[in-house]
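Scroll down for the structure; my scribbles are underneath it.
The values are calculated or read from the model by the stated rules, or taken from the named source; none is laboratory data. This is a predicted model, so every value here is computed, not measured. Backbone-built Cβ (ideal geometry, glycine too); neighbour counts: all protein chains shown.
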Amino acid sequence: SGFKILDIIKISGDGTFTYSFKIPDSDVRLGDYKISVSQSLGSASKTIHTVSNPDDYIVSTEPLSISTDKVIYDLGDTMTISGFIKNPVSSSTYQTSSVTISISHEDGSPLEIVAQIPHTKTRQSNGLTVAYEFTATPDPSGRFSVQTKVSQNAFAEGNYKIKAEYRGLTKTTNVGIDDPLKLTSGALIALNKQVYGLGETVVLTGLLPPTGDNSIKIALTKPDGSVVNSGATVDNQRFSWSWKTPITEKPLTIKTDDRSVTKSNYGIYKIRASTASSGVDVFFKVSATPETDSLTLVPLYVTTEKSLYKAGEKLKVIGTIIKRDQGSEGLVVPDRVTIRVLDGKTPFKQIHEASVYPDQGGNFQSLFDLPVTVFSEGEYKIKALYSGKQSESVFAIANDFSIISKDKLSLLLATDKSDYYPGDTVTVSGKPNKLIYLEKFDVSVIQKKEGEITCGTFYCGKHVGPVTTIRPSSAGSFSHQITISNSPSSIGSYEITVDAGFETKSMMFNVVEKPIVVEPVKSPSTLIDKVNRISDDKISIITNEKTLDDNHVFPRVLSGSLLTSKIDQSDVNLRITSESGICIIGPEDDCLVNDSTRKPGQIYDVVSVDGIDLNVRYSGPDVYLEKFDILPVSSEEFLPNANWNVDVIKENQTSRFYYKINYKMVE
């Protein structure tokens, strides 16, 4: 609150005087102070400014200035208009002339409201349309301020001009009004993230068009096809809903049509949020490794269980679909997925084909034989077709058989490792280097004595120890397991001898003392800092190490999401630059990452920024939810203490930016 002090001071003999006043140490005393001195010879005045940051404060030199506390307001906000008169004119009562403040549209037409005429009951029936104006009374220093509510009754979305007038002086400034509840393409819903671990909370928030609905239905479809129905209350077009993921994987095996089906809590979940007039779907994934996993929402995705197979193995093809909606009347027959195995070279000759039904969660799989006489060494292709869509994947075959080679016939032997502990199981396998008919393999194993001559992997004679006869597989190979006695006497060297009829070979393995197991160091805990719903176009994110309860926490992962309406997604994009000015993610050619990093067999691009190798995962531009993750390649390293600059490239579009920093606690 303002105040006035009136004092009389003595003038020194040389005509000078001194007066002191202590400004109270309180925020309410920040502002402008006008000091006036008068005597019979005349008067003088001076204005001083009390601010919280005197080193950075710049005194306005304009006769009249005006400003607002924000540049863009949401409907429902409170707008503060303030200004300063450099040379206010005051009367003998220390009062200055008032300032007229008016608001007009961008084209200069006045903003109008309906005012109530005196002695009338309502403004609806007896109202008078008037310009939206205010009157502000400056304090003696020349400072003035007014507040007004940015209500829907007076304002609409757009740009406005604010004008201040004082004794012939005029000054204007511009502000923008944004409607946070305006939707151009239906409901807007979002999850707090896309990939969750076990026991985590899924949070769904949404914004609905102004339909008048006070509730919304939520249907959660699990990977096994089961549905959980619930709902949420709508307040001012907004709603929020949460669900906790299962705390364990809990695999369950059931029998259906003489086939075993394994169910798991891992997989892709679908949430459908619907009102009486419309509905929106959103997907998320529950994974055993949520930090490195990602959600793929292509209509059809196919891959192989591993990228490299040996000829003679079983090829396992797996994939997922986003099932198309079908009617519920009568019998509903689901579409089948057609899987083809093709040669990797032109003309891509077809080798296998199968048609399978996806399960309720959209997952499918199939097994194929890889005969050694058909699949030579090289690359092959998998093609899946479903409902007019197709997806492809590549795998490789390694074939140890010399089918056409003129190499000498020989026996190939191997063990799963060279050193074992007492109580371990040794797996020995072998096969000829060419496809020939074999009756059997005779296998024996003995523990060698010190100083005894061994055959090693050279050609040997007859067996010394007990013999086990093994029938070869259809590919001509064999596999045999040998259990080592769990006692100190089993430590030493062993020799395995295999007689294939055309050749006898031996190989060695060792049994060593089992080392003492040291308890692993306790893994560091994780802390997460989150900041939500940022509407600014420039955001500064600081990743500094912290101290919490005498423990140091270091930044490990920086993640961000940009949410915008679907109609604007191609015009609103992200740019992330390092503190040194290197563009890491952005649409420009000089940025290290321009497009989605999701490629077959990888989800990250590795880039070098300021001497640190970083894994960068990016959804790519022109998407409804633009996302990125930045973390060091090495699991032992952390993000630097730095300032990351995020630019939301947009014009007047509405957007919301979310980010979080994962910290690792090191005790």
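Report yes if some residue within region 213-235 is in a strand (DSSP E or B), out of contact with any Pro (no Cβ under 8 Å at 6 or more places or on another chain), modelled with pLDDT under 90 and more than 30 Å from residue 289 (Cβ to Cβ); otherwise report no. Yes, region 213-235 contains a residue that is in a strand (DSSP E or B), out of contact with any Pro (no Cβ under 8 Å at 6 or more places or on another chain), modelled with pLDDT under 90 and more than 30 Å from residue 289 (Cβ to Cβ). Somewhere in region 202-214, is a residue within 30 Å of residue 46 (Cβ to Cβ) and touching a residue at least 40 places away in the same chain (Cβ under 8 Å)? Checking region 202-214: not a single residue is within 30 Å of residue 46 (Cβ to Cβ) and touching a residue at least 40 places away in the same chain (Cβ under 8 Å). Of everything in region 592-608 that is in a strand (DSSP E or B) and among the charged types (D, E, K, R), the residue that is nearest to residue 634 (Cα to Cα) is 605.
Among the criteria (1) more than 30 Å from residue 651 (Cα to Cα); (2) in a strand (DSSP E or B), the one residue 174 does not fulfil is (1).
With respect to the numbered conditions (1) at negative phi; (2) at pLDDT 90 or above, which one is the sole condition not fulfilled by residue 423? Here residue 423 clears every test but (1).
Here residue 623 passes the criteria (1) at pLDDT 90 or above; (2) surrounded by fewer than 19 Cβ atoms within 10 Å (Cβ to Cβ); (3) outside any strand (DSSP E or B) except the one numbered (1). Residues that are over 30 Å from residue 606 (Cβ atoms), at pLDDT below 85 and within 23 Å of the chain's Cα centre (by Cα): does region 331-343 have at least one? Within region 331-343, none of the residues are over 30 Å from residue 606 (Cβ atoms), at pLDDT below 85 and within 23 Å of the chain's Cα centre (by Cα). Can you find a residue in region 119-134 that is part of a strand (DSSP E or B), modelled with pLDDT of 75 or more, over 30 Å from residue 35 (Cα atoms) and in the same structural domain as residue 36 (by TED's automatic domain parsing)? So far as region 119-134 goes, yes, one or more of its residues are part of a strand (DSSP E or B), modelled with pLDDT of 75 or more, over 30 Å from residue 35 (Cα atoms) and in the same structural domain as residue 36 (by TED's automatic domain parsing). Only residues that are in a loop (DSSP other than H, G, I, E, B), modelled with pLDDT under 90 and surrounded by 16 or more Cβ atoms within 10 Å (Cβ to Cβ) were counted across region 567-578, and they come to 2. Only residues that are over 20 Å from residue 563 (Cβ atoms) and either touching an Asp or Glu at 6+ places or on another chain (Cβ under 8 Å) or among the aromatic types (Phe, Trp, Tyr) (or both) were counted in region 617-644, giving 8. Inclusion of residue 391 among residues that are in contact (Cβ under 8 Å) with a residue 40 or more places away in the chain, part of a strand (DSSP E or B) and either under 30 Å from residue 269 (Cα atoms) or among the basic types (Lys, Arg) (or both) is warranted. You will find that of 50, 68, 61, the residue that is loosely packed, with under 10 Cβ neighbours inside 10 Å and of a type outside the set (A, V, I, L, M, F, W, C) is 61 and no other.
Scan region 374-382 and give yes if some residue there is of a type in the set (Gly, Ala, Ser), closer than 28 Å to residue 269 by Cβ and assigned by TED's automatic domain parsing to the domain that holds residue 316, otherwise no. No, that holds for no residue. Of the numbered criteria (1) outside any strand (DSSP E or B); (2) in contact with a Lys or Arg (Cβ under 7 Å, 6 or more places away or on another chain), the one residue 407 fails is (2). Modelled with pLDDT of 90 or more and either over 42 Å from the mean Cα position of the chain (by Cα) or assigned to a strand (DSSP E or B) (or both): does that describe residue 103? Considered against the rule, which asks whether it is modelled with pLDDT of 90 or more and either over 42 Å from the mean Cα position of the chain (by Cα) or assigned to a strand (DSSP E or B) (or both), residue 103 comes out as yes. If you check 532, 573 for being within 26 Å of residue 653 (Cα to Cα) and in contact with a Phe, Trp or Tyr (Cβ under 6 Å, 6 or more places away or on another chain), only one passes: 532.
Applying a threshold of 6 Å to beta carbon distances and a minimum spacing of six or more residues, or different chains, the list of pairs starting in region 620-635 at a residue that is outside the structural domain of residue 193 (by TED's automatic domain parsing) and ending at one that is among the basic types (Lys, Arg) and surrounded by fewer than 16 Cβ atoms within 10 Å (Cβ to Cβ) reads 624/566. Of all residues in region 282-297, those that are small (Gly, Ala, Ser) have Cβ atoms under 7 Å from Cβ atoms of residues that are at pLDDT 90 or above and in a loop (DSSP other than H, G, I, E, B), 6 or more apart or on another chain, in 287/197. The single condition among (1) in contact (Cβ under 8 Å) with a residue 12 or more places away in the chain; (2) out of contact with any Asp or Glu (no Cβ under 7 Å at 6 or more places or on another chain); (3) not in a loop (DSSP other than H, G, I, E, B) that residue 552 does not meet is (2). Those strands (runs of 3 or more DSSP E) of region 454-509 in which 2 or more residues are aliphatic (A, V, I, L, M) and either modelled with pLDDT of 80 or more or assigned by TED's automatic domain parsing to the domain that holds residue 421 (or both) occupy 467-470, 492-499. For region 606-620, the set of residues classified as of a type in the set (Asp, Glu) and at pLDDT below 90 consists of 610 only.
Which residues, taken from region 137-157, are more than 22 Å from residue 113 (Cβ to Cβ) and without any contact (Cβ under 8 Å) to a residue 60 or more places away in the chain? Result: 138, single match.
If the condition is being under 17 Å from residue 182 (Cβ atoms), of a type in the set (Gly, Ala, Ser) and loosely packed, with under 15 Cβ neighbours inside 10 Å, then region 203-244 contributes only 212. Given the condition surrounded by fewer than 18 Cβ atoms within 10 Å (Cβ to Cβ) and in contact with a helix residue (DSSP H, G or I) (Cβ under 7 Å, 6 or more places away or on another chain), answer yes or no: does some residue in region 180-202 qualify? Yes, region 180-202 contains a residue that is surrounded by fewer than 18 Cβ atoms within 10 Å (Cβ to Cβ) and in contact with a helix residue (DSSP H, G or I) (Cβ under 7 Å, 6 or more places away or on another chain).
Filtering region 626-667 to residues that are charged (D, E, K, R), surrounded by 15 or more Cβ atoms within 10 Å (Cβ to Cβ) and farther than 30 Å from residue 182 by Cα leaves only 664. Residue 247 - would you say it is in a loop (DSSP other than H, G, I, E, B), modelled with pLDDT under 90 and surrounded by fewer than 18 Cβ atoms within 10 Å (Cβ to Cβ)? Taking the combined requirement at face value, the residue satisfies it.
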